[in-house]
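The values are calculated or read from the model by the stated rules, or taken from the named source; none is laboratory data. None of these values were measured; they are calculated from a predicted model. Positions of Cβ are generated from backbone atoms using ideal geometry, with glycine treated the same way; all protein chains shown enter the neighbour counts.
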Amino acid sequence: MNRLIQAIDRFGRSILWYVEEMGRISLFFISALSWLVRSPLKVRLVFKQMEFVGVKSIFVVVLTGTFTGMVMSLQGYYGFRLFSAESLVGSTVALGMTRELGPVLTALMVTARAGSAMAAELGTMKVTEQIDALYVMAANPIRHLIVPRVVASIAMVPALTIVSDFMGIMGGYFVGVKLLKINEGIFLKNIYKLVGLDDIYNGLIKAACFGLILSLVGCYKGFTTYGGAEGVGRATTEAVVIASISILISDYFLTALMF
Amino acid sequence: MIQLIDIHKSFKKQKVLDGLNLEIEDGKITVIIGRSGGGKSVLLKHIIGLIKPDSGQVIVDGDDIAAMNERQLNETRKKFGMLFQEAALFDSMNVEDNVAFPLREHTKKKEREILEIVKDRLQAVGLPGVEKKMPSELSGGMRKRVGLARAIALHPRIVLFDEPTTGLDPIMTEAIDKLIVDTQKMYNLTCIIISHDIKSALEMGDKVAMLYEGRIIEEGTPEKINNSENPILRQFLSGSLEGPISVI
Ligand SMILES: Nc1ncnc2c1ncn2[C@@H]1O[C@H](COP(=O)(O)OP(=O)(O)O)[C@@H](O)[C@H]1O
Ligand SMILES: [Mg+2]
């Protein structure tokens, strides 16, 4: 009995912790936003972050996108074959990728690659007083460090999502048409018929929201790091955990709003 | 002139500054000594508004820093340069960009002019020709000197030093001390130096102040400090385990 109460207690505490963190991250977001509108963007820094967040993530996104499309095609084939509906495999893959898996998988991969790196980099800057040094030189760290990362992520996660969507559909096409011999004409026709542009747009809007979330969480965790190298490790882990959870939770609500 | 008036500061339950009062004169070197973990860095960060006091005033040229908003604070901070304990160079930038940073941020100078100034400042700290090196390629002493070059890039009037020689060998310590004194004379700076090196403090300081348990327990000229009867100060001066300061 005692054990059970303890377990519930711990569970409750983690939820409280998560909600509190969300509150602090929202405040952090507001101050980032106010700097975004108040002062001109540091374009050079934004481009540098776009390269880091976007260009350098292309490889992992291509891989995850392709294989997800391939496995969806395979699973869809096994399922739809039971009632002779193989012709729907293509559209299922395409809808799944554009609406859900493209944005979510891309966001999770970018979180793991770039969100964690943001927390680690800013965390190191924090514990080695480089962020204090920015303040001392009257150079606002939010403008120099946070805004470029957030802007770059909001732009690049959707861009990567397009890549992921495309590769997923190509992977699905390859498995469905080339390996499993589904009729190519029907495969493609159903994609055209059932997937609308707004499926893609809505997926991209989601992706932009996820980009905001993962960069904000990464930056916030880096910015509030304390306690040396150990603290940097903790901040990095927490950034990935909080960002991933938030992406999946917000995905549900965004979907409920959109479709 | 900088005045700290009745500063109190706690972190959670830990009281770090407890009614601290201190005056810092213009154009002089003031050295603040005290134990490790005694709140010296916290004190220094109050002077430049990185930490706000729970109560009390930090008056710089007549204005209270503790009551300023971000914009006023940024204006005031332009009077300051600061050398951090570990130099706090931006490790994503090379030495040149580090020293040029405040110039690019706050002046409209041409790039060529900025690079001239960077060269001049690096010369002044005895490190000509390291412009293209990254901070990770420098030794501790070199990093601190680059940090100093960056701190004086904009010709501030006041420069804060957080343990400028801790962790350096005795020769490098001498070199940095001399560099600070020379720089102070050259630009007629107000220098505030945090140190736990009592020997350096007595040599360099126009005024020395001892921080203990959140207050300044003794201040004055090096002679006055050296001849003080205060038992805490005597123990600190002699580095003895016996005395009122409990070690463990
Ligand atoms: N931002 C902070 N949050 C919590 N505690 C702090 C913070 N900064 C300093 N402290 C605590 O204040 C005390 C004094 O620290 P510090 O001023 O760095 O000492 P030192 O005299 O060695 O420079 C230490 O015990 C430190 O743990
Ligand atoms: Mg210190």
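Name every residue in the stretch B:1-35 that is small (Gly, Ala, Ser), within 11 Å of ligand 1 (Cβ to nearest atom) and within 21 Å of B:Leu233 (Cα to Cα), in order of residue number. Passing the criteria: only B:Gly34.
Would you pick out the residues in the stretch B:1-21 that are of a type outside the set (Val, Ile, Thr) and buried (at least 21 other Cβ atoms within 10 Å of the Cβ)? Passing the criteria: B:Leu4, B:Lys9, B:Leu17, B:Leu20.
Suppose we filter B:Ile24, B:Ile59 for residues that are over 14 Å from the mean Cα position of the chain (by Cα) and away from ligand 2 (no atom under 15 Å from the Cβ); which single one remains?
Details: B:Ile24 fails: over 14 Å from the mean Cα position of the chain (by Cα).
None of the others qualify; the one that does is B:Ile59.
Determine, yes or no, whether A:Ala119 is closer than 30 Å to B:Asn74 by Cα, touching a helix residue (DSSP H, G or I) at 6+ places or on another chain (Cβ under 6 Å) and surrounded by 24 or more Cβ atoms within 10 Å (Cβ to Cβ).
yes
Being part of a strand (DSSP E or B) and more than 13 Å from chain A (Cβ to nearest Cβ) is a description that applies to B:Leu22.
Selection over the stretch B:71-86 of residues that are closer than 14 Å to B:Ile158 by Cα, more than 16 Å from ligand 1 (Cβ to nearest atom) and more than 9 Å from chain A (Cβ to nearest Cβ) gives a count of 1.
If a residue has to be of a type in the set (Asp, Glu) and buried (at least 18 other Cβ atoms within 10 Å of the Cβ) to count, how many in the stretch A:229-250 make the cut? Before you say what the answer is, go through the steps one by one.
From the stretch A:229-250, those of a type in the set (Asp, Glu) are A:230, A:238; that's our starting set.
Restricting the remaining residues to those that are buried (at least 18 other Cβ atoms within 10 Å of the Cβ) gives A:238.
Residues in the stretch A:229-250 being of a type in the set (Asp, Glu) and buried (at least 18 other Cβ atoms within 10 Å of the Cβ): 1 in total.
Whenever a residue of the stretch B:221-246 is modelled with pLDDT under 85, its partners that are exposed (fewer than 11 other Cβ atoms within 10 Å of the Cβ), lying with C-beta atoms within less than 7 angstrom and at least six residues away or across chains, give the pairs B:Leu241/B:Val247. Every condition in (1) within 25 Å of A:Gly185 (Cα to Cα); (2) more than 21 Å from the chain's Cα centre (by Cα); (3) surrounded by 11 or more Cβ atoms within 10 Å (Cβ to Cβ) holds for A:Ala94 except the one numbered (2). Among the residues of the stretch B:36-53, those identified as touching a residue at least 12 places away in the same chain (Cβ under 8 Å), near ligand 1 (Cβ under 6 Å from one of its atoms) and more than 10 Å from every other protein chain (Cβ to nearest Cβ) are B:Ser36, B:Gly38, B:Gly39, B:Lys40, B:Val42.
On inspection, B:Asn98 qualifies as modelled with pLDDT of 95 or more, of a type outside the set (A, V, I, L, M, F, W, C), farther than 14 Å from B:Arg215 by Cα and away from ligand 1 (no atom under 16 Å from the Cβ).
Residues in the stretch B:149-197 that are within 16 Å of ligand 2 (Cβ to nearest atom) and outside any strand (DSSP E or B): B:Glu163, B:Pro164, B:Thr165, B:Thr166, B:Gly167, B:Leu168, B:His196, B:Asp197. Scanning the stretch B:87-102 for residues that are at the interface with another protein chain (Cβ under 10 Å from one of its Cβ atoms) and within 23 Å of B:Ile180 (Cα to Cα) yields B:Ala87, B:Ala88, B:Leu89, B:Phe90, B:Asn98, B:Phe101, B:Pro102. Going residue by residue through the stretch B:209-229, is there one that turns out to be more than 15 Å from ligand 1 (Cβ to nearest atom) and in contact with a Pro (Cβ under 8 Å, 6 or more places away or on another chain)? Within the stretch B:209-229, none of the residues are more than 15 Å from ligand 1 (Cβ to nearest atom) and in contact with a Pro (Cβ under 8 Å, 6 or more places away or on another chain).
For A:Val89, the conditions (1) on the phi < 0 side of the Ramachandran plot; (2) modelled with pLDDT under 95; (3) within 14 Å of another protein chain (Cβ to nearest Cβ) all hold with the exception of (3).
If you go through the stretch A:101-108 one residue at a time, do you hit one that is part of a helix (DSSP H, G or I), within 14 Å of chain B (Cβ to nearest Cβ) and not hydrophobic (A, V, I, L, M, F, W, C)? The answer is no, given that none of the residues of the stretch A:101-108 is part of a helix (DSSP H, G or I), within 14 Å of chain B (Cβ to nearest Cβ) and not hydrophobic (A, V, I, L, M, F, W, C). When you check A:Gly218 against the structure, is it in a helix (DSSP H, G or I) and either exposed (fewer than 13 other Cβ atoms within 10 Å of the Cβ) or within 16 Å of ligand 1 (Cβ to nearest atom) (or both), yes or no? So A:Gly218 fails the test. Considering only residues in the stretch B:54-70 that are out of contact with any strand residue (DSSP E or B) (no Cβ under 6 Å at 6 or more places or on another chain) and assigned to a helix (DSSP H, G or I), the one that is nearest to ligand 1 (Cβ to nearest atom) turns out to be B:Glu70.
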